[in-house]
Each structure stands twice: as structure tokens, then as C-alpha cells.
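A.B. asks: Right, I'll just put the structure down here and ask away after.
The values are calculated or read from the model by the stated rules, or taken from the named source; none is laboratory data. For clarity, every value in this text was computed on a predicted model and none was experimentally measured. A quick note on method: Cβ atoms are made from the backbone with ideal geometry, for glycine too, and the neighbour counts reach across all protein chains shown.
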Amino acid sequence: MAAVTVQAVQLDVTDNDSIRAAASTIAYNMMTYYTGNITGNEPGLLPQPYYWWEAGAMWGGMVEYWHYTGDRTYNDVVAQAIFAQKSPTNDFLMPEQVYDTGNDDQAFWGLTAITAAERNFPIPANTGSPTYIQLAENVFNDMASPRWNTSTCGGGLQWQFTPANNGFYYKSAIANGGFFQLAARLARYTGNATYSDWAEKAYDWTAAIGLIDGSGNGYVYDGTDDTQNCTIINHGQWSYNAAVYLLGSAVMANITENDYSSPWANRTQALLNGAKAMFTSPFDNATNIMYEFMCEKQNNCDTDQFSFKAYLSRWMVAASQMLPALKQQVFDMVTPSAEAAAVSCSGPDGNVCGTKWYVGGWDGTKGLGQQLSALETIQGLLIDSTQPPMVVPGS
């Protein structure tokens, strides 16, 4: 496709320099939302209305930005932010965030830590800090014990682990999926079978309880009420729920030496099929363009939900590295979505991205989530120029 020119943003998906330039422009705007590096503010945090978890998710996206583009401009800021929020116990349990921290929130920071380990992201010099992989392992240890709750529903993680928080009695797909993906990636990185055993357990529980649809269509449902012994399923579907299980399953398939007939490869394919069916092609003239079907058309996405397509893109692209047989299918979605996302980045100053990528321009919305979603989708196009994927020690 020819270059798409949108004020200051240009994107030619066949030209890596064009992709890097577009990613740089969008990242620059996104980083203007960060105020933690201003004197008097706490490093690592975003201002209201952005919750603590989304900051962790954004730093993971910026680690990927460096990996894909090679641009080191923000590395010091990103590393400072991650280590500022590592907590006194080196597991991202910040005391002042206790009422904003659930299992899913902590998992996003843990996934950022393991991304930094896999990508060999620089550690700040002379800090005496733990390694990124140690941070990720500590998050896993918090979640595996004592939070894995067999007293109801035969297992699973509560959405919230603090009893005073709303959602304590809700076992959510994103909490369990974050734990599953973290365990799978730790298994691949360390070779420790304990992690793969936990990944198996987490996936099997999710499927058995009905949060992963049992008919084979790859749908992932939002959560279930453990006061009802998880017999009532919330059938809402969000893209990040599908994506978090997609990458975890692809990593487990990769661990089994890319056996494309393995149960994990089959599960990954089903999850990809489900994601495509639910989160692309909002209209006949917007084939394979990503959208958040539960809120975009209705104009009722909240601050969190504006960022969900970022994780769909991020984890689909990573899954295609873990299972190369998926690559064409993944980029049949990522490429048109990236082109459409670039067109949406035509707000003020030519670098403000919108929510609805299928309207042929800026839709009038803006925010960090919109920038992150566009950034992740566009920078993922550089996958072939950034090998090796998700390194492990000695690779």
C-alpha cells in the first residue's frame, strides 16, 4: 500500500524507516502524558485518571518500543520508572497503591519485568537493584502462594487480593491470564518446570471453570462470581483477555519445540481465531481492522479500555514469534490495523491518535490509551528486523 500521509504522521508499512518514524512520533506524544519525572512527582506513575496498572503496561510498551525501533531516547526514564515502582519487597507491591492493586494490576508490572528480561533491556547502573527476572519471579511467587484459592471453585485467583477492594469475590480472566502468561514465560526463560506446571494448572482451571469457551471457538469470558462457586459466568469479552491467553499458549507451544500438532498449538490457533472473530472487522469496509467491540461503536469505552488494543497487538505479534506458523494470520490483522491507526493519528499537531481506527481519520478522542494502542500496533510491524525474539539466557 502506498504511504499514508496524515499531517505529521506518515506510514508506509513496507518501509522500516517509515515505521520507525511513525512510532517515534506517536511515542513522543504518549510520553507527554507522563509526569513522574517532574520534580515533586513520584517516578513511574501516571496522573489521574490513569490507574497504576496502566503505567506498568505503558512501560512494557516502551521496552518494546526500544526493542523494535532501536531508539534509546526514553530508556533512562523507562528504567527509572520500573525500578521506582519495584516496591521495598521487589515485587511491585507498593504500600501506597494497596487499594489500587489487584492480581491483574501486579501481573501487568510483572509482565513488564519479564519483557525487560527477555529483551535485555538495560538495567540502571550502580543501583544495586534486583534483576528484571528476579522482579518477575517475585510477582509469580506472590500470586502462586497463598493467593491461588482452592477454597472456592477448585482454584483460581481472585481479581482483587485485598478483601476491602471491590472485586475480591470475582475470579477474573485477566488476573488468571496474567498469572498464566507470566508462568509460561518464566518457564521458557528459566527452564524451571515448576513454572510450566503452574501454567498448565492455571490454563486448565480457566478452561474447566468456563472462562475459556469449551466449544473450541477460542472465546475468553471476563470472569465469574466465586460466591456462587463460579457457576455464573460473565460472558463479556475484552481483547486483552483473549490476548493474554493467546501469548501464554504460544509460549507453551514454543517450549514443546514448535510441535504444531500439540494441544498448546491447537489452543493458540483457537484463541487467535476467537480474537479475529470478536475484535476485528467492525464493518464490511474495515476488514481485519481491530476494534473493541463491547464499547467502541457504543462510544462508552472507559480510560482502561482505550488501551486494550495495545495488548492485543503486542501479544499477537509476540505469539507469531513463538509460533511462526501463525505469522501470516497475525499480520493479516496487524498490517491493516497499523495503517488505519496511523490515519487515526491526525488529531491536533498531527500526532494525536483516536480510538476508532475504521472511520478514516481522527474520531475526536485522545488519551494515553489511544497512543499506546497505535504505537504497539505500528511498532510490531518491525518484527522481522528485531531478532532474536524473546531471548533466553545463553541464546
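A.B. asks: Does GLU64 satisfy being closer than 30 Å to ALA144 by Cα, among the charged types (D, E, K, R) and in a helix (DSSP H, G or I)? Don't jump to the end; show me each part of the working.
C.D. replies: Values: closer than 30 Å to ALA144 by Cα: yes; among the charged types (D, E, K, R): yes; in a helix (DSSP H, G or I): yes.
Yes: the conditions hold for GLU64.
A.B. asks: Same structure again: Please tell me if PHE306 is crowded, with 20+ Cβ neighbours inside 10 Å, closer than 19 Å to ASP222 by Cβ, touching a residue at least 60 places away in the same chain (Cβ under 8 Å) and of a type in the set (A, V, I, L, M, F, W, C).
C.D. replies: On the way: crowded, with 20+ Cβ neighbours inside 10 Å: yes; closer than 19 Å to ASP222 by Cβ: yes; touching a residue at least 60 places away in the same chain (Cβ under 8 Å): yes; of a type in the set (A, V, I, L, M, F, W, C): yes.
Here the answer is yes, as PHE306 does meet what is asked.
A.B. asks: Being touching a Gly at 6+ places or on another chain (Cβ under 8 Å) and touching a residue at least 40 places away in the same chain (Cβ under 8 Å), is that true of even one residue in the stretch 74-81?
C.D. replies: Yes; the residues of the stretch 74-81 include at least one that is touching a Gly at 6+ places or on another chain (Cβ under 8 Å) and touching a residue at least 40 places away in the same chain (Cβ under 8 Å).
A.B. asks: Right, something else. Output the residues belonging to the stretch 192-237 that are part of a loop (DSSP other than H, G, I, E, B), in contact (Cβ under 8 Å) with a residue 60 or more places away in the chain, over 22 Å from LYS276 (Cβ atoms) and not polar (S, T, N, Q).
C.D. replies: Listed by number, the list holds a single entry, CYS230.
A.B. asks: All but one of (1) more than 20 Å from the chain's Cα centre (by Cα); (2) surrounded by 15 or more Cβ atoms within 10 Å (Cβ to Cβ) hold for ASN234; which doesn't?
C.D. replies: Of everything listed in (1) more than 20 Å from the chain's Cα centre (by Cα); (2) surrounded by 15 or more Cβ atoms within 10 Å (Cβ to Cβ), ASN234 misses just condition (2).
A.B. asks: Output the residues belonging to the stretch 12-57 that are part of a helix (DSSP H, G or I), of a type in the set (D, E, K, R) and over 19 Å from the mean Cα position of the chain (by Cα).
C.D. replies: Hits for the stretch 12-57 are ASP17, ARG20.
A.B. asks: State whether the residues of the stretch 176-190 include one that is touching a strand residue (DSSP E or B) at 6+ places or on another chain (Cβ under 8 Å) and of a type outside the set (Val, Ile, Thr).
C.D. replies: yes
A.B. asks: Looking at (1) polar (S, T, N, Q); (2) in contact (Cβ under 8 Å) with a residue 12 or more places away in the chain; (3) in a loop (DSSP other than H, G, I, E, B), which is the one condition that is false for ASN300?
C.D. replies: (2)
A.B. asks: Filter the stretch 194-253 down to the residues that are within 25 Å of SER281 (Cβ to Cβ) and polar (S, T, N, Q), then identify the one that is modelled with the lowest pLDDT.
C.D. replies: Checking each candidate, the answer is SER215.
A.B. asks: Being at pLDDT below 95, under 21 Å from VAL63 (Cα atoms) and either assigned to a helix (DSSP H, G or I) or not basic (Lys, Arg) (or both) narrows it down to one of SER307, SER313, SER320, SER395, so name that one.
C.D. replies: So the residue among SER307, SER313, SER320, SER395 that is at pLDDT below 95, under 21 Å from VAL63 (Cα atoms) and either assigned to a helix (DSSP H, G or I) or not basic (Lys, Arg) (or both) is SER395.
A.B. asks: Surrounded by 18 or more Cβ atoms within 10 Å (Cβ to Cβ), out of contact with any Lys or Arg (no Cβ under 9 Å at 6 or more places or on another chain) and among the aromatic types (Phe, Trp, Tyr) - does that describe any residue in the stretch 86-104?
C.D. replies: No, that holds for no residue.
A.B. asks: Would you point out the residue of the stretch 143-172, among those that are of a type outside the set (Lys, Arg), in contact with a Gly (Cβ under 6 Å, 6 or more places away or on another chain) and outside any loop (DSSP other than H, G, I, E, B), that is farthest from TRP198 (Cα to Cα)?
C.D. replies: Step by step, filter the stretch 143-172, then rank; the result is TYR170.
A.B. asks: Are any of the residues in the stretch 88-97 closer than 20 Å to ALA175 by Cα, part of a helix (DSSP H, G or I), under 20 Å from the mean Cα position of the chain (by Cα) and touching a residue at least 12 places away in the same chain (Cβ under 8 Å)?
C.D. replies: no
A.B. asks: Considering only residues of the stretch 332-386 that are over 24 Å from HIS67 (Cβ atoms) and among the charged types (D, E, K, R), which is farthest from the chain's Cα centre (by Cα)?
C.D. replies: If we take residues in the stretch 332-386 being over 24 Å from HIS67 (Cβ atoms) and among the charged types (D, E, K, R), then ASP349 is farthest from the chain's Cα centre (by Cα).
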